[in-house]
1. Once the Cα atoms of helix 3-14 and of the chain are each reduced to a long axis, what angle between those two axes, in degrees from 0 to 90 to the nearest 10, is obtained?
2. Given the peptides 37-45, 141-149, 93-101, arrange them by the average over their residues of other C-beta atoms within 10 Å, most packed first.
3. How high is the FRET efficiency between N174 and Q97 when r is their beta carbon distance and R₀ equals 30 Å, given to the nearest 0.05?
4. Taking the Cβ of T165 as the center, what net charge do the other residues with Cβ under 13 Å away carry, scoring Lys and Arg +1 and Asp and Glu -1?
5. Given 10 °C and 1.306 mPa s, how large is the Stokes-Einstein diffusion coefficient of region 20-93 in µm²/s, with Rh as the Kirkwood radius over Cα pairs?
6. Taking a ≥ b ≥ c as the square roots of the eigenvalues of the Cα gyration tensor of region 15-59, is the shape rounded (a/c under 1.5), prolate (a/b larger than b/c) or oblate?
7. What are the residues whose amide H is under 5 Å from the amide H of A231, where those residues sit 5 or more places off or on another chain and H is modelled from the backbone?
8. Identify the trypsin sites (Lys or Arg not before Pro) of region 106-182 meeting these criteria: DSSP loop state and at most 15 other C-beta atoms within 10 Å of the C-beta.
Amino acid sequence: MQHHEENAKKIFQKSYDLYQQVVDAGLMGHQDFLPMVQQWVKSLAPAGSLLELGCGDAQMMAKTLSDGCSSHLIGHYIGVDASGYALDVARTRFKQQNVSFIESDLLQFLRRYNKGFADGILASYVIHHFDYSKKLEFFKLAFEALGNGGELAIIDLTLRPGESTESFKNRITNEVLYQWPANISDGLPDLVRHMQDYDIPEDLATWDKLAQSAGFMPVKIFGQAWQGDQAAMMVWKKI
Ligand SMILES: C[S@@+](CC[C@H](N)C(=O)[O-])C[C@H]1O[C@@H](n2cnc3c(N)ncnc32)[C@H](O)[C@@H]1O
């Protein structure tokens, strides 16, 4: 595993509490994405297998599957994350028997996963850590893991059309340092450094190009959020 990715994981562990405050305060659009995720889960094959990669503490799926309408829709939910610390929190959020968690690098997990077995794969705010070739590998492995008719949903950072990564990062840096609430500002310079060093966002067209090169149908945009358009929920079907 690359030094770059190992560092990214260590920094996330250290910043877990800060990230939770950011998520709870709705600063990265999770509250807007939650109803989209719920709608998507309800549209998946009944009693199917759902994988969540880079699930962290699995807050969105816990809220989705604790809704009585949704819990019976999933046959099995597997949350995968490289952080054992985040998974320990995730385990406390679920009472269902048909839920399990695996501590693993998500690419290594996908390489070992049964081909054609998953009905849905969700990856929220994690694939932007990969460079272009790793992103492509991820899309290919996700395509192989899904059965026909299965869907991949990604929530992740999106550049505006024609925008450079540098200009995106400058925009987010200004927002985080000068617009986010002062009461969570203690660790924010670290968060900004992490973003400057490790995040590799793509524009919507590039995310879709990566997915279609792996064999997926064209993207369906479920919605955009976080200051309107800094992140999107994108869904691709395997036919
Ligand atoms: C920014 S958090 C996102 C958490 C959650 N999915 C969300 O939407 O809020 C990124 C998560 O991905 C995990 N992660 C980062 N790189 C990973 C990798 N290569 N394999 C598995 N998990 C990874 C981190 O441990 C962390 O829990």
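Rule-based calculations on the coordinates, nothing more; no lab input. Quick caveat: nothing in here was measured; it's all calculated off a predicted structure. Glycine gets a Cβ as well: all are built from the backbone with ideal geometry, and neighbour counts include every protein chain shown.
1. 80
2. Going from most to least packed, we get 141-149, 37-45, 93-101.
3. Working: r = 46 Å, r/R0 = 1.55.
Efficiency at R0 = 30 Å is approximately 0.05.
4. Neighbour charge sum, excluding T165 itself: -4.
5. Numbers: Rh = 12.8 Å.
Approximately 124 µm²/s, per Stokes-Einstein.
6. Verdict is oblate for region 15-59.
7. When sequence neighbours closer than 5 places are left aside, the close amide H contacts are T158, A225.
8. K115
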